[in-house]
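Okay, so here's the structure we're looking at.
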Amino acid sequence: MLQKTMEEKEKSYYKGKGNMQNQYDVIVAGGGPSGVAAAIAAARNGCNTLIIEREAFFGGMATLACVPAFGPYTNGVQDLIGGIGREILEELKKGGYESPFYDRKSDRIEGIDWYPIDPEHLKRVLDYLVIKSGSKVLFHTAVTDVKTHNGTIEAVQIFGKAGFQWLEAKYFIDCTGDGDLAAMAGAPWEYGDAQGRVQAGTLCFRAAGIDVEQFMDYVRREGEDGNLSVASEKAKKDGHFPAGETKIGGMALQENGIAGLNFGHVYNLKPLDPWDLSRAEMEARKRLPEMIGFLREYVPGMGHCVLVSSGPYLGIRESRRIKGRYTLTKEDFKNRADFPDAIAYYSYPIDIHGAVPEENQGNEKMYHNSKYKNGECYGVPYRCLIPVGMKNLAVAGRSISSDRTMMGSVRIMCACFATGQAAGTAAAIGMREGGSLELGDVDTGLLRRRLEEQKVYIKNDITLRY
Ligand SMILES: Cc1cc2nc3c(=O)[nH]c(=O)nc-3n(C[C@H](O)[C@H](O)[C@H](O)COP(=O)(O)OP(=O)(O)OC[C@H]3O[C@@H](n4cnc5c(N)ncnc54)[C@H](O)[C@@H]3O)c2cc1C
């Protein structure tokens with residue numbers, strides 16, 4: 001990559017000034033689950049907010065990678081994910097929510113606590129909620145560089161149809177999933193396992209033409225689950241299961257005979273290397289007919305299903321983990337740890353897909369062994385959102401400060417909504433002091449109270465472990 005000299009940066013910085021509104025209270029980079037929650041929270045709390053998204057719609061992996069379902073919102077007892085995450089779900093349920101697994105009475109998806117996502121509907125829901133919050137929106141625009149001074153980001157460079165421009169803000173929130181903004185600003189980060197490998201990616205896809213009645217008969221008769229385990233085992237015995245796969249990551253019936261599938265892995269992935277991403281996208285696409293072939297042959301009701309869309313972007317499970325003022329660890333997971341500055345609570349097991357096929361069996365065991373009992377949860381400290389050495393930057397979503405094991409849980413979309421809402425609300429608290437307050441100095445007692453007022457679940461009733 002070409003390294004720009006400081007002089008060149010200065011030149012383009014001043015060229016960008018005057019072309020558009022250049023100054024905001026809060027700029028959010030990335031419009032995935034964490035980004036939309038951060039922007040909505042900051043805007044609702046009175047900040048002049050801009051959210052910048054590289055693609056043409058919000059949703060991140062939920063729309064961009066077609067991930068078929070939101071992970072659990074509850075721990076079987078408490079509604080752990082309230083606030084904006086819950087509002088998004090409720091808005092989604094108002095239309096286009098016809099999964100036969102969904103029981104409106106109990107508001108549950110047959111035994112499991114996962115909610116199917118119709119990506120087209122979700123895009124509109126997120127447009128609506130973000131615009132209604134008052135946040136400004138810039139699609140088709142990537143954040144490409146930053147100008148920092150002494151741990152303070154002064155401006156971000158963006159690139160879109162109008163070329164390069166610089167925008168200033170008092171606070172910045174990195175919700176790019178990859179921690180791009182934090183890395184550009186020089187914040188420390190970690191990546192992958194000891195060998196520098198990350199979880200495999202998946203090109204999720206949607207299949208249409210499912211005979212729902214026949215499919216549901218089969219599901220109920222055989223006790224089939226969202227992983228289509230019965231069909232998969234049969235195909236494995238016949239030697240017809242797609243090579244390199246141990247199971248289907250997940251399937252969610254969305255509406256009228258359409259299902260989303262999280263199925264198939266691309267191994268040895270390097271998600272920060274565009275050359276490898278290009279290789280991975282093509283490799284994953286090439287394998288889709290094999291996946292459809294399996295569904296047609298082995299899953300009753302899917303005999304005539306057709307592939308309607310994939311991606312449009314390879315699903316990326318893991319890349320950078322920012323080094324924050326606190327790193328959430330697997331010990332915290334084991335201890336069901338809570339913290340005085342906890343701003344989110346979650347309970348999803350440790351779900352790490354293999355970087356290479358040989359790792360999958362062991363990781364599946366870890367997933368099952370790490371399941372919490374109903375009612376249990378861990379806390380996410382606010383300090384995990386604040387990168388070491390940075391004054392006006394918070395990170396939310398899957399790249400918050402955690403060790404690799406813990407990231408296998410906090411990467412789930414519900415947790416990303418929660419950390420995003422906390423980051424946006426913290427920036428708004430900072431703005432009450434004109435933007436001079438360092439984000440690391442935000443009064444976390446006040447932040448927790450603000451979040452509770454916004455219907456976020458905050459646990460107040462157990463012995464705290466710092
Ligand atoms: C295959 C797969 C299956 C999964 N299954 C589930 C599941 O079943 N349930 C569940 O809840 N979670 C699941 N997850 C996890 C979850 O989807 C992600 O961890 C979560 O979406 C991360 O949210 P985020 O906001 O951190 O980032 P992302 O969702 O990755 O969003 C980041 C956004 O930032 C934008 N962006 C990136 N760089 C820039 C830039 N430089 N400038 C501007 N914009 C930028 C991207 O376009 C994107 O929209 C799955 C993930 C994958 C990949």
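The values are calculated or read from the model by the stated rules, or taken from the named source; none is laboratory data. Fair warning: this is a prediction, and the values are worked out from it, not measured in the lab. With ideal geometry, Cβ positions are generated from the backbone for all residues, glycine too; neighbour counts draw on all protein chains shown.
Those residues that are within 21 Å of the chain's Cα centre (by Cα) and more than 29 Å from HIS265 (Cα to Cα), I need them from segment 351-377; list them, please.
CYS377
Can you name the residue in segment 26-69 that is among the β-branched types (Val, Ile, Thr) and part of a strand (DSSP E or B) and is also surrounded by the fewest Cβ atoms within 10 Å (Cβ to Cβ) among such residues?
Applying the filter and picking the extreme gives ILE52.
Restricting to segment 132-151, name every residue that is basic (Lys, Arg), under 19 Å from ALA428 (Cα atoms) and in contact (Cβ under 8 Å) with a residue 24 or more places away in the chain.
Within segment 132-151, just LYS136 meets the criteria.
What residue, among those in segment 184-209 that are surrounded by 22 or more Cβ atoms within 10 Å (Cβ to Cβ) and within 26 Å of THR144 (Cα to Cα), is farthest from the ligand (Cβ to nearest atom)?
ALA187
Taking the options ARG404, ARG398, ARG449, name whichever one is farther than 24 Å from SER319 by Cβ and either within 16 Å of the ligand (Cβ to nearest atom) or over 22 Å from the mean Cα position of the chain (by Cα) (or both).
ARG449
Could you list, in sequence order, all residues of segment 135-146 that are closer than 21 Å to ALA42 by Cβ and touching a strand residue (DSSP E or B) at 6+ places or on another chain (Cβ under 7 Å)?
SER135, LYS136, VAL137, LEU138, THR141, ALA142, VAL143, VAL146
Can we say ASP276 is outside any loop (DSSP other than H, G, I, E, B), away from the ligand (no atom under 14 Å from the Cβ) and surrounded by 21 or more Cβ atoms within 10 Å (Cβ to Cβ)?
no
Just to confirm my filter: which helices (runs of 4 or more DSSP H) fall fully inside segment 165-242 and include at least 1 residues that are closer than 30 Å to GLU297 by Cβ and among the aliphatic types (A, V, I, L, M)?
Where helices (runs of 4 or more DSSP H) fall fully within segment 165-242 and carry at least 1 residues being closer than 30 Å to GLU297 by Cβ and among the aliphatic types (A, V, I, L, M), they are 212-222, 229-237.
Kindly indicate whether any position in segment 339-356 is within 25 Å of GLU120 (Cα to Cα), modelled with pLDDT of 95 or more and not in a strand (DSSP E or B).
no
Within segment 39-57, how many residues turn out to be within 17 Å of LEU181 (Cβ to Cβ), among the hydrophobic types (A, V, I, L, M, F, W, C) and within 10 Å of the ligand (Cβ to nearest atom)?
So the answer is 2.
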